[in-house]
Amino acid sequence: MLTLGCARNEVDSEELAGRLSGGGWELVDLDQAAPDVIVVNTCGFVESAKKDSVDMLLAAADTGAKVVAVGCMAERYGAELAESLPEASAVLGFDHYPDLAERLGEVVAGATIASHVPVDRRTLLPISPVERRDTDVTVPGHAWGPTVARKRLDDGPVASLKIASGCDRRCSFCAIPSFRGSFVSRHPDEIVAEGVWLAGQGAREVVLVSENSTSYGKDLGREHAGQGALEAVITRLAAIPGIDRVRVSYLQPAETRPNLVRAIATTPGVADYFDMSFQHASEPVLRRMRRFGNTESFLGLVEQIRAHSPGAGIRSNVIVGFPGETEDDVDELARFLTGAKLDAVGVFGYSDEDGTEAEGLDGKLDADTIGARVARISQLAEELTAQRAEDRIGSEVVVLVERAESEDEDCVGRAAHQAPEVDGECVVLDGEKYEVGDLVRARVVDTEGVDLVVEAIEVLPRVEPGSQ
């Protein structure tokens, strides 16, 4: 099984691996055995991700194995993808997931499976959020339980944990709700049970993922809905023996309330880390994006976070070159970034996405203009995030070791303000003393861009899963 895209896709792949194992399939390492079939969990978010998915499908076909495409690109394009990519033996959507073991058997036997026909998955669920739980629509990553055993695809100390899927927002640049569907929360007891299982599998940090974590609980009914649902879940997860750090991702600024800020910033065992989806700071651009907020409200949220925890990590992605964006709008974005001093910023140039409102907007900018604005904001972000890292010199951090020292690599881990893969990392001096999974209290002595160089003070004791 090969996975592209985000952490949500990684969770889906582990669910599929569990389904396949339960259906009699054996998962093999491509470097060590010749598989009968390769399942490629594709990403369909932006053009570059789609290209990576196609390249992966073609590379998988070159091995001589049967190739099956699943995931977001398969769900989004279905039969269209199958027609343009005959190298794939089947293109299957989310509704095939419960019976994937049987479908792979048919593929290996040479049968032809009708390709998935895409629909807007928002139409499959009731408009009222509280009525969505009584449907039988397949929601990837939500099937963990007595009948579906998730199978971890690596043995690292960090694991993603899905708390919800889909999105009810209507951002004009985003196609995700059309193929991921409307927002659906998982029941808190199910999330906590999976957290206990992950602790038993060696995870010391769980990263909570969804399309919009701040909406968590709105569809669960009176007992769990409304303000406090997410706060209650992270508090319960942080109390699980063996889980040392709970990290929340994908927060919408317009939905981030003071109680949630306080809970993330101050609850023991929860990383004081805020993955805020600002996207821009100019009010006119945000309105064309169908989003809320402006520079002042966003700076107020940043101030609120740092009032609770001055060292809290705050990261965001921003889109530049959106249709109608002016130089004044870019200046406003630069003003926000300068004032916010975020720990990490992803800068993306706008590109049209099939079927989105923004695809039909006027005021499109040429590629050279977008490229110049990306370069300007990227340089500013790089300078600001490097300065934010330098401000941490002399402070203490707790580092979860993820790569042990070897002849070719330093001992590397992440502090609470650093999420996997996107926010930099910590290089631990004298790293030969430490093993993957160690939790090390350390002092920051230097920086390399957004990366920290740290000197260990002590290894913190490990609480074994299942202990009290």
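Could you tell me whether the stretch 178-186 includes any residue that is open to solvent by 10 Å² or more (accessible area, probe 1.4 Å), touching a residue at least 12 places away in the same chain (Cβ under 8 Å), out of contact with any Pro (no Cβ under 9 Å at 6 or more places or on another chain) and not in a helix (DSSP H, G or I)? Looking for residues that are open to solvent by 10 Å² or more (accessible area, probe 1.4 Å), touching a residue at least 12 places away in the same chain (Cβ under 8 Å), out of contact with any Pro (no Cβ under 9 Å at 6 or more places or on another chain) and not in a helix (DSSP H, G or I), one finds none in the stretch 178-186, hence no.
Quickly run through the stretch 194-223 and pick out the residues that are closer than 21 Å to Gly145 by Cβ, open to solvent by 40 Å² or more (accessible area, probe 1.4 Å) and not acidic (Asp, Glu). Selection gives Val196, Trp197, Gly200, Gln201. Please give the number of the condition Arg373 fails out of (1) buried (at least 18 other Cβ atoms within 10 Å of the Cβ); (2) closer than 21 Å to Glu448 by Cβ. For Arg373, the failing item is (2). If the condition is being open to solvent by less than 40 Å² (accessible area, probe 1.4 Å) and either part of a helix (DSSP H, G or I) or touching a strand residue (DSSP E or B) at 6+ places or on another chain (Cβ under 6 Å) (or both), then the stretch 255-268 contributes Leu260, Val261, Ala263, Ile264, Ala265.
Condition check ((1) without any contact (Cβ under 8 Å) to a residue 40 or more places away in the chain; (2) touching a Phe, Trp or Tyr at 6+ places or on another chain (Cβ under 8 Å); (3) more than 30 Å from Glu332 (Cα to Cα); (4) open to solvent by 30 Å² or more (accessible area, probe 1.4 Å)) across all residues:
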| residue | (1), (2), (3), (4) |
| --- | --- |
| Leu380 | no, no, no, yes |
| Cys411 | yes, yes, yes, no |
| Glu421 | yes, no, no, yes |
| Cys426 | yes, no, yes, no |
| Val450 | no, no, no, yes |
| Glu455 | yes, no, yes, yes |
| Val459 | yes, yes, yes, yes |
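Of all residues in the stretch 160-175, none are farther than 30 Å from Arg462 by Cβ, crowded, with 23+ Cβ neighbours inside 10 Å and either in contact with a Leu (Cβ under 6 Å, 6 or more places away or on another chain) or of a type in the set (Asp, Glu) (or both). Only residues that are in a helix (DSSP H, G or I) and either closer than 14 Å to Pro284 by Cα or among the aromatic types (Phe, Trp, Tyr) (or both) were counted in the stretch 314-357, giving 8.
The values are calculated or read from the model by the stated rules, or taken from the named source; none is laboratory data. Everything numeric here is computed off the predicted structure, so don't read it as measured data. We place every Cβ from the backbone using ideal geometry, glycine too, and count neighbours over all the protein chains shown. Side chains included, ligands, DNA and RNA excluded: accessible areas come from the protein's heavy atoms. Shrake-Rupley method; radii C 1.70, N 1.55, O 1.52, S 1.80 Å.
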